[in-house]
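Student: Please find one structure pasted underneath; my questions will follow.
The values are calculated or read from the model by the stated rules, or taken from the named source; none is laboratory data. Since the structure is predicted, the reported quantities are computational estimates derived from the model, not experimental observations. All Cβ positions, even for glycine, are placed from backbone atoms using ideal geometry, and neighbour counts span all protein chains on display.
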Amino acid sequence: MRAVEDETPEIETSPLSRRFSRDGITVEVKIYRLRGVNEDWSLEVVDHEDASTVWNETFLTDQEAYRAFYMTVEAEGIGTFLERSETQH
């Protein structure tokens with residue numbers, strides 16, 4: 001009898017994931033992908049109340065994902081990520 005392998009995909013977190021602060025507001029930038037399932041990167045931003053903003057699109061590289069986050073902060077301000085529960089971007 002053969003052992004059944006665990007088929008749960010591993011989450012790979014980008015080294016670009018980090019806390020980001022501006023104007024007295026800190027958010028957690030999460031960039032990740034499911035190794036072996038999807039090579040594209042997902043982007044999520046979590047505020048101090050654990051509300052998250054998740055991008056609908058995925059990104060070919062983790063750098064593109066971080067750039068999308070940073071461009072949003074530059075265009076809309078970091079406050080755009082506050083108090084949104086499961087908001088999609």
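Student: Please work out which one of (1) part of a strand (DSSP E or B); (2) modelled with pLDDT of 95 or more; (3) in contact with a strand residue (DSSP E or B) (Cβ under 6 Å, 6 or more places away or on another chain) is the condition Ile11 fails and give its number.
Tutor: Just one mismatch for Ile11, condition (2).
Student: Filter the range 26-35 for residues that are surrounded by 16 or more Cβ atoms within 10 Å (Cβ to Cβ) and closer than 17 Å to Leu82 by Cα and give the result. Steps first, please.
Tutor: Initial filter on the range 26-35 (surrounded by 16 or more Cβ atoms within 10 Å (Cβ to Cβ)): 27-33.
Selection gives Val27, Glu28, Val29, Lys30.
Student: Leu16 - would you say it is modelled with pLDDT of 95 or more, in a loop (DSSP other than H, G, I, E, B) and either under 15 Å from the mean Cα position of the chain (by Cα) or among the hydroxyl-bearing types (Ser, Thr, Tyr) (or both)? Let's see the steps before the verdict.
Tutor: Values: modelled with pLDDT of 95 or more: yes; in a loop (DSSP other than H, G, I, E, B): yes; either under 15 Å from the mean Cα position of the chain (by Cα) or among the hydroxyl-bearing types (Ser, Thr, Tyr) (or both): yes.
It is true that Leu16 is modelled with pLDDT of 95 or more, in a loop (DSSP other than H, G, I, E, B) and either under 15 Å from the mean Cα position of the chain (by Cα) or among the hydroxyl-bearing types (Ser, Thr, Tyr) (or both).
Student: For the range 29-59, name all the residues that are within 16 Å of Ile11 (Cα to Cα), part of a loop (DSSP other than H, G, I, E, B) and modelled with pLDDT of 95 or more.
Tutor: Asp40, Thr58
Student: Just the residues that are under 11 Å from His48 (Cβ atoms) and either among the charged types (D, E, K, R) or over 12 Å from the mean Cα position of the chain (by Cα) (or both), please, taken from the range 25-36.
Tutor: Residues of the range 25-36 that are under 11 Å from His48 (Cβ atoms), as a first pass: 25-28.
Residues satisfying the conditions are Ile25, Thr26, Glu28.
Student: Any idea how many residues of the range 52-63 are in contact with a Phe, Trp or Tyr (Cβ under 8 Å, 6 or more places away or on another chain) and either of a type in the set (A, V, I, L, M, F, W, C) or under 14 Å from Ser17 (Cβ atoms) (or both)?
Tutor: Here is the first cut: in the range 52-63, the ones in contact with a Phe, Trp or Tyr (Cβ under 8 Å, 6 or more places away or on another chain) are 53, 58-62.
This time we only want the ones that are either of a type in the set (A, V, I, L, M, F, W, C) or under 14 Å from Ser17 (Cβ atoms) (or both), so: 59-62.
Result for the range 52-63: 4.
Student: Also, quick follow-up: Are there any pairs, at least 6 apart or on different chains, whose C-beta atoms fall under 6 Å, with the first in the range 23-40 and of a type in the set (Ser, Thr, Tyr) and the second surrounded by 16 or more Cβ atoms within 10 Å (Cβ to Cβ), and if so, which?
Tutor: Tyr32/Ser42
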